[in-house]
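The values are calculated or read from the model by the stated rules, or taken from the named source; none is laboratory data. The shown structure was predicted, so the numbers you read here are calculated from the model rather than taken from an experiment. Virtual Cβ from ideal backbone geometry, glycine too; neighbours counted across all protein chains shown. All accessible areas refer to the heavy atoms of the entire protein, side chains included, with ligands and DNA or RNA removed. Shrake-Rupley method; radii C 1.70, N 1.55, O 1.52, S 1.80 Å.
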Amino acid sequence: MARRIVIAGNWKMNKTVSEAVELAKAVVAKASEAPANVDLIVSPTYVCLTEVAKVVAGTRVALGAQDMHWEESGAFTGKISAAMLVSAGVKYVILGHSEQRQYFGETDETVNKKTRQALKHNLIPIVCVGELLAEREAAKTNEVNERQLKGAYAGISAEDAAKTVIAYEPVWAIGTGKVATVEQAQEAQAFIRKVLTGLYGAAVAEIIPIQYGGSMKPDNAKGLLAQKDIDGGLIGGASLKAEDFIGIALGA
Ligand code: 13P
């Protein structure tokens, strides 16, 4: 079975509610241009989820969130639970993004707890992994990705792992305009699939979509998406313009 191509916009801390609704409408209006084997996702901030949910309802665009907490509920000021996301119409949740790791104390252990909790609530986790520039320069790319991957999937069954999506985001390529070369991205992602094969066997590893993320744009998407182990994109900056976001999907 061919893997699905998953093109997801991560809007990060951008757009007010009315701006998010406007952007979602523009994405929905262009969504039919994307090839049929592509799954489209938009991930606004929490406060925009319910309004954007109304815009994407009944369309081929699905709703994603940018993070969640691993507990069911309780005294966790500022946090959002999996059940709350589900109740807002969310289908996917981005977990372990490098900005969460760098600025907000995310660890492999918290990514694991969140991934398990998301799966428990039938949310599809988009599990992010990726090395820092210093780690790549020290030839530790594979080591870092393997550690993050094994950390995130600890104790998760093959059946559950098969429902997830992975995003390989080399940290040095995020928001910098420095896209990884197609060779660098393919090499890292083939390695990630090898680790998945070791954990879950080839059949499961073959169906998990692995996205590339980091300065992906319409003009570099086609080359990246043509690679054997690149099954989509997790897109920051370029997802804030409907035309660019759909332009990336056209490369699939
Ligand atoms: P940019 O596309 O802005 O580099 O961001 C990538 C990213 O972090 C998506 O999660």
With (1) open to solvent by 30 Å² or more (accessible area, probe 1.4 Å); (2) at pLDDT 95 or above as the list, and residue 148 as the residue in question, which single condition is left unmet?
-> (1)
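Every residue in segment 152-171 that is over 17 Å from the mean Cα position of the chain (by Cα) and either within 18 Å of residue 114 (Cβ to Cβ) or within 12 Å of the ligand (Cβ to nearest atom) (or both), please. Explain how you work it out, then say what you get.
We begin by selecting, within segment 152-171, every residue over 17 Å from the mean Cα position of the chain (by Cα); these are 154-159.
Passing the criteria: 154, 155, 156, 157.
Check whether at least one residue in segment 225-240 is part of a helix (DSSP H, G or I), over 30 Å from residue 22 (Cβ atoms), more than 12 Å from the ligand (Cβ to nearest atom) and of a type in the set (A, V, I, L, M, F, W, C), and report yes or no.
From segment 225-240, those part of a helix (DSSP H, G or I) are 225, 237-240; that's our starting set.
Applying the additional criterion that residues be over 30 Å from residue 22 (Cβ atoms) yields none.
So far as segment 225-240 goes, no, none of its residues is part of a helix (DSSP H, G or I), over 30 Å from residue 22 (Cβ atoms), more than 12 Å from the ligand (Cβ to nearest atom) and of a type in the set (A, V, I, L, M, F, W, C).
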In segment 170-199, anything assigned to a loop (DSSP other than H, G, I, E, B) and open to solvent by 10 Å² or more (accessible area, probe 1.4 Å) is listed as 174, 175, 176, 177, 178, 179, 181
Lone unmet requirement of (1) within 16 Å of the ligand (Cβ to nearest atom); (2) under 17 Å from residue 85 (Cα atoms) for residue 51 = (1)
How many residues does segment 110-144 contain that are closer than 26 Å to residue 88 by Cα and either assigned to a helix (DSSP H, G or I) or out of contact with any helix residue (DSSP H, G or I) (no Cβ under 9 Å at 6 or more places or on another chain) (or both)?
-> 12
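Condition (residue is of a type in the set (Gly, Ala, Ser) and within 16 Å of the ligand (Cβ to nearest atom)) applied to segment 96-108: is it met by at least one residue? Talk me through it step by step, then tell me what you get.
Taking segment 96-108 and keeping what is of a type in the set (Gly, Ala, Ser), we get 96, 98, 105.
In the following step, the residues that additionally are within 16 Å of the ligand (Cβ to nearest atom) were identified as 96, 98.
The answer is yes; a qualifying residue exists.
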What pairs come up if the first residue lies in segment 173-190 and is in contact (Cβ under 8 Å) with a residue 12 or more places away in the chain, the second is away from the ligand (no atom under 15 Å from the Cβ) and open to solvent by 40 Å² or more (accessible area, probe 1.4 Å), and their beta carbons are under 7 Å apart, counting only those six or more places apart or on different chains?
-> 182/227; 185/227; 186/227; 186/228
Residues 119, 132: which one is touching a Pro at 6+ places or on another chain (Cβ under 7 Å) and surrounded by fewer than 21 Cβ atoms within 10 Å (Cβ to Cβ)?
-> 119
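Restricting to segment 184-205, name every residue that is touching a Phe, Trp or Tyr at 6+ places or on another chain (Cβ under 7 Å) and of a type in the set (A, V, I, L, M, F, W, C).
Step one: filter segment 184-205 for residues touching a Phe, Trp or Tyr at 6+ places or on another chain (Cβ under 7 Å), giving 185, 188-189, 192, 199.
Across segment 184-205, the qualifying residues are 185, 188, 192, 199.
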